[in-house]
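Worksheet for the structure shown next.
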Amino acid sequence: MEQGGELVNRKIDKTGITMVEILVVIAIIALITAAAIPVYNKARVRALIVRTKTTINAIEAALSMYTTDFGDYPAFDGTETKLLVGLLQGPVDSNLWKGPYMRFKEKDLDENGNILDAWSTPLYYKYPQDDKTNVPYLIISAGIDRKLQTEDDIGNW
C-alpha cells in the first residue's frame, strides 16, 4: 500500500488455531487413549484378582481363629459361604465362640448372605475336602469368567 508516496509493509498477524492443528491434537489424544485402554483394563483385572485373594486370605485368618476356639473347621459341602458369615461374624450360641472373627459389609454379601468375590460372584467353601492335598478346606472364587473349575479360578491352595 502506498501512503503519502511511501510503501508501507504491513505484517499480517495470524492468530488462532487452524483446523489441521486441531485434528492433529485430536489424533494424538486418540492414539494415547487407544494405547492406554488395554493397559488400564489389564491393571483393573489384576486389581480385582488381588482383591479376591485378599478376601480369601482374610477368611483363612478368621477360620484359623475359629478353629483355635472350636478345635475344627466348620463342615460344609462347597456350594456357598452363607454358613461362614454366620459362624465368623456371629453371634453364635456357644461358650467356645470368642468372635467375631471377621466382619462383613453389606456390599461384601449377596442377597442370600454369601460372601462375594471382586466380580460379585459368591465364593465357595468346602470342608472336608480331598481335591487339594496342601489345605484342609477350599475357598474358591470362580474368577473373571465366573465359571467354576476353569483355569482362572482363584483359591486358597
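Residues in the stretch 15-29 that are among the small types (G, A, S) and over 37 Å from the mean Cα position of the chain (by Cα): 1 in all. Among the residues making up the stretch 53-72, a single one is within 16 Å of K126 (Cα to Cα), surrounded by 12 or more Cβ atoms within 10 Å (Cβ to Cβ) and of a type in the set (D, E): E60.
Filtered by the rule that a residue be surrounded by 14 or more Cβ atoms within 10 Å (Cβ to Cβ) and either in contact (Cβ under 8 Å) with a residue 40 or more places away in the chain or closer than 11 Å to T52 by Cα (or both), the stretch 109-120 gives I115, L116, D117, A118, W119.
One residue stands out among those in the stretch 75-106 that are part of a helix (DSSP H, G or I) and in contact (Cβ under 8 Å) with a residue 40 or more places away in the chain: the one that is nearest to N156 (Cα to Cα), which is L84. Looking only at residues of the stretch 94-140 that are farther than 13 Å from I56 by Cβ and among the small types (G, A, S), we find that the one that is nearest to the chain's Cα centre (by Cα) is S120. Out of K132, K147, I need the residue that is modelled with pLDDT under 90 and in contact with a Phe, Trp or Tyr (Cβ under 6 Å, 6 or more places away or on another chain). Which one? Answer to the selection: K132.
Considering only residues in the stretch 42-52 that are within 16 Å of I139 (Cβ to Cβ) and touching a residue at least 12 places away in the same chain (Cβ under 8 Å), the one that is surrounded by the most Cβ atoms within 10 Å (Cβ to Cβ) turns out to be T52. Filtering I140, I144 for residues that are buried (at least 19 other Cβ atoms within 10 Å of the Cβ), under 30 Å from N41 (Cα atoms) and of a type in the set (A, V, I, L, M) leaves a single hit, I140.
Just to be sure, is A34 exposed (fewer than 10 other Cβ atoms within 10 Å of the Cβ), free of Cβ contacts under 8 Å to residues at least 24 places away in the same chain, of a type outside the set (K, R) and farther than 20 Å from I139 by Cα? So A34 fits the description; yes.
The values are calculated or read from the model by the stated rules, or taken from the named source; none is laboratory data. Just so we're clear, the structure is a prediction, and the values are computed from it rather than from any experiment. Cβ coordinates were reconstructed from backbone atoms using ideal geometry, including for glycine residues, and neighbour counts include every protein chain displayed.
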